[in-house]
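Report on the structure given below.
Read the figures in this text as sums done on the coordinates, not as results from a lab. Please read all numbers here as calculations on a predicted model, not as lab measurements. Methodologically, a virtual Cβ is constructed for each residue, glycine included, from the backbone with ideal geometry; neighbour enumeration extends over all protein chains shown.
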Amino acid sequence: MLELKDVSFRVPEDSKEEEKGILEHVSFTLEDNKFVAITGPNGGGKSTLAKIIAGIEKPTEGRIFFDGEDITDWSITERARHGISYAFQQPVRFKGVTVFDLINLAAGKDISLSGACQYLSEVGLCAKDYINREVNSSLSGGEMKRIEIATVMARGTRLSVFDEPEAGIDLWSFQNLIHVFENMHKQQSGSILIISHQERILNTADEILVIADGKLVRRGSKDEVLPALLSAAETDTGCSIWQKGVQN
Ligand SMILES: Nc1ncnc2c1ncn2[C@@H]1O[C@H](COP(=O)(O)OP(=O)(O)OP(=O)(O)O)[C@@H](O)[C@H]1O
């Protein structure tokens, strides 16, 4: 379904003529109906990779294919139209738009109030308290995250990319969030690519990719990757755990 071929993303270094490599020669394929988690140290390049897949950033090198078609030069809108959804690490707010409008817009067709409320309930929000609220700064970060996850569910696209959906979500809601992703996966309504630092989310994945220092340093099933990450995390600190415990 999705294929990244030798993708790099470089930016000019401040006050230098050299370039800084944020992502370096990343290649992988993502099959239909798979749940893939991307993890790795802070600043490793995970969000940049997600943005490149969604079309928010353009790779400086390499190509991206979706169903065999080269989508590297496609805009976010074109990618969304062809079935790629993206949930931001820090969701965008829309003044003057209600939560209902946003879910309705995401669904791409007129849905009933109860249909929209169902999505909110699934992400642990009391629908009647939120459905008519404006998507503005009065909503907390955790509420925004959950509303955004509800909109991605309403879109029901072939590939849903979530950037740290757990960020800012309280512990109780986090348990429910795990079920949301488990259910999405069970329903096999598309592929899920999720950036996460949470063991429980990584545990739900069919496959884990580890991105460190801009490179794909490890890829495998959770049984292959997770034990190495966890044991390294117990005995080590800092960036080296990602390199040491996870090398092929
Ligand atoms: N456009 C840009 N210009 C300069 N530096 C950038 C740019 N985009 C990303 N970076 C840098 O690239 C590195 C990777 O950022 P990215 O947000 O992809 O990391 P991450 O793995 O998602 O981190 P985290 O786990 O903290 O969310 C960071 O050091 C970031 O500051």
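Too long at a 26 Å Cα-Cα cut-off: which of LYS51/LYS145; LYS109/LYS222; LYS34/LYS215? Working shown, then result.
Working: LYS51/LYS145 17 Å; LYS109/LYS222 37 Å; LYS34/LYS215 22 Å.
Check vs 26 Å cut-off fails for LYS109/LYS222.
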Can you grab the distance from the C-alpha centre of segment 1-29 to the C-alpha centre of segment 67-127, Å, no decimals?
28 Å
Relative to the longest principal Cα axis of the chain, at what angle does helix 222-235 sit, 0 to 90 degrees, rounded to 10?
70 degrees
Helix 113-122 sits off the longest principal axis of the Cα atoms of the chain, rounded to the nearest 10 on a 0 to 90 degree scale, by 40 degrees
Roughly what would the spin-label model give for SER140 and ASP67, points 7 Å off Cα along C-beta, in nm?
4.1 nm
One would report the antiparallel percent of DSSP beta bridges in the chain, rounded to the nearest 5, as 55 percent
Okay, which of segment 95-117 sit inside 18 Å, backbone N to the point 7 Å along the Cα-Cβ direction of ASP129?
99-100, 117
In terms of Cα to Cα distance under 12 Å, which aspartates and glutamates are near enough to LYS58, apart from those fewer than 8 places away along the same chain?
ASP73
Given the DSSP H assignment, sum -39500 (n - 2.57) over each helix run of at least 4 residues in the chain and divide by its residue total; what's the result at 222 nm in deg cm²/dmol, nearest 500?
-11000 deg cm²/dmol
Given 0.36 nm per residue, what is the gain on full extension from ASP223 to ASP170 after removing their alpha carbon distance, in nm?
16.3 nm
Would you kindly derive the ³J(HN,Hα) couplings of segment 129-142 from the backbone phi angles with the Karplus curve 6.51 cos²θ - 1.76 cosθ + 1.60 (θ = phi - 60°), listing them in order in whole Hz, with x for Gly and Pro?
7, 10, 4, 9, 7, 7, 7, 10, 6, 6, 7, 6, x, x
Can you give the relative contact order of segment 2-244 as a percent, counting alpha carbon pairs under 8 Å and 6+ residues apart?
25 percent
Given a cut-off of under 8 Å on Cα pairs at least six residues apart, what relative contact order in percent is computed for segment 121-241?
20 percent
